[in-house]
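The structure appears below as structure tokens.
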Amino acid sequence: MTTNRTVQTAADVALWLAVHRGWHVLPLNYGTKRPLGGCVDCRAEHTDHTPQTCPCLARAEGALCHGVWAATTDPGVIARWAQRWHTSVWAVHLGVSGLLAVDLDTRPGPPPRQPLNGLAWPADEPPPADGLDTYATLAALSGGTVGTDTFTTDTPSGGLHLVYGTEPLRWKGSHGKPRPGDDTVRTGLGWQIDIKAYGGYVVLPGSTSDAGQYRRSSTTTTPRRLDPWLVEALARTGHDRTATPAPPATAAPVPAFVHGDSRQARFAAGALRSACAELAAMEPDTGRNRKLFRSTTRLAGMAQAGWIDRDVVQAALADAARHAGLPAAEIRYVLASGFGRPLPVPDIRSAA
Ligand SMILES: [Zn+2]
Ligand SMILES: [Zn+2]
């Protein structure tokens, strides 16, 4: 039964890292390599609580709600998950574990003309073949070295996860790729370099997905502290969540009305409030358009049923979408198509 042995290995590595390194770990879906579903209540889009206030995650026996935020260091919970979920893919939630991963990819394809965000590619340097090249050049330009004496995992596709120690929840993640039609990388660190930290995870060594095996390639199992050059590069490119941000023109819009006080009206107001808060906090390339559409169809149904005022929904969602940086024309278009496809209202008679 090789399958069983593989399952054991991935979960065992996760358990070991949780106990000996304090890493917050969780099982992933074998096929999608994404966190498992969680309960119906926490999955619903109108969930009016955060992972920090989630009743499921507060339970001692653990729960797989809210994606990576379910990750735990509790050996008892990990053992129960390993028994319950026969998956050979486990991951670490980096942000809460005080970790940051530099994920170097080797996807085929021509590099952009400027592969580094905010730095000119040296004229005497050949274009990078992959993320490893991009990262090595970034390190050299920054007066540092890549340094492989940290916890490193080889991925099935030939990439690398370099895992470093840092302050918990300090850094946000990013993708290093140019926008379509652009030949300059303007987000993240550089081409084929992904940063994973807050709310981000990497698959642990010992895991096997349908793409193949993840193997630790470093001798050390201790992440090295982030190098000063990398701290600087991350800060320069907007990854530091603790930096005082240029304040947005307005604070995140949160509709403050309560319209009537029937159960339906309160439910609709709560749904709109959480939809707006989530939408307003979304960054480019994270599905803002889709989120706006889905929220609109849901709230449109409630407006049609008389639970909430259509104009209130429209104004609040438009405001949140603007806050998230969606262009006005796109917002108008998505709102119009969303209002054209109202969803049936949920059955909330049995809800508390
Ligand atoms: Zn739940
Ligand atoms: Zn929850």
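The values are calculated or read from the model by the stated rules, or taken from the named source; none is laboratory data. Because the structure is a prediction, the values reported are computed rather than measured. For neighbour counting, all protein chains shown are included, and Cβ atoms are generated from backbone atoms with ideal geometry for every residue, glycine included.
The set of residues in segment 317-339 that are in contact (Cβ under 8 Å) with a residue 24 or more places away in the chain and not in a helix (DSSP H, G or I) comprises A324, G325, L326.
Per-residue answers, yes or no, for (1) modelled with pLDDT of 90 or more; (2) near ligand 2 (Cβ under 10 Å from one of its atoms); (3) assigned by TED's automatic domain parsing to the domain that holds A11:
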| residue | (1), (2), (3) |
| --- | --- |
| H24 | yes, no, yes |
| R43 | no, yes, yes |
| A63 | yes, yes, yes |
| W69 | yes, yes, yes |
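Do we find that N117 is away from ligand 2 (no atom under 16 Å from the Cβ) and surrounded by fewer than 20 Cβ atoms within 10 Å (Cβ to Cβ) in this structure?
Details: away from ligand 2 (no atom under 16 Å from the Cβ): yes; surrounded by fewer than 20 Cβ atoms within 10 Å (Cβ to Cβ): no.
It is false that N117 is away from ligand 2 (no atom under 16 Å from the Cβ) and surrounded by fewer than 20 Cβ atoms within 10 Å (Cβ to Cβ).
Of T184, T150, T134, T145, all but one fail to be surrounded by fewer than 19 Cβ atoms within 10 Å (Cβ to Cβ), more than 21 Å from the chain's Cα centre (by Cα), modelled with pLDDT of 95 or more and not hydrophobic (A, V, I, L, M, F, W, C); the exception is T184. Would you mind stating whether L317 is in contact with a Cys (Cβ under 7 Å, 6 or more places away or on another chain), within 16 Å of A271 (Cα to Cα) and not acidic (D, E)? Answer is yes for this residue.
Selection over segment 33-45 of residues that are more than 10 Å from ligand 1 (Cβ to nearest atom) and either within 16 Å of A277 (Cα to Cα) or without any contact (Cβ under 8 Å) to a residue 24 or more places away in the chain (or both) gives a count of 1. Condition check for A101 on (1) crowded, with 21+ Cβ neighbours inside 10 Å; (2) within 16 Å of ligand 1 (Cβ to nearest atom): one failure, at (2).
Applying the set (1) of a type in the set (A, V, I, L, M); (2) within 13 Å of ligand 1 (Cβ to nearest atom); (3) surrounded by 16 or more Cβ atoms within 10 Å (Cβ to Cβ) to L28 leaves exactly one unmet item: (2).
Taking the options A252, A277, A235, name whichever one is at pLDDT below 90 and over 24 Å from P346 (Cα atoms).
A252
Applying the criterion of being charged (D, E, K, R) and surrounded by fewer than 12 Cβ atoms within 10 Å (Cβ to Cβ) to the residues of segment 50-83, the residue that is nearest to ligand 1 (Cβ to nearest atom) is R59.
Within segment 46-60, residues that are under 24 Å from L299 (Cα atoms) have Cβ atoms under 9 Å from residues that are more than 8 Å from ligand 2 (Cβ to nearest atom) and among the basic types (K, R) in these pairs: H46/R298; D48/R273, counting only partners at least 6 apart in sequence or on another chain. Does T87 meet the test of being away from ligand 1 (no atom under 16 Å from the Cβ), touching a helix residue (DSSP H, G or I) at 6+ places or on another chain (Cβ under 6 Å) and assigned by TED's automatic domain parsing to the domain that holds S157? Against the criterion (away from ligand 1 (no atom under 16 Å from the Cβ), touching a helix residue (DSSP H, G or I) at 6+ places or on another chain (Cβ under 6 Å) and assigned by TED's automatic domain parsing to the domain that holds S157), T87 does not qualify.
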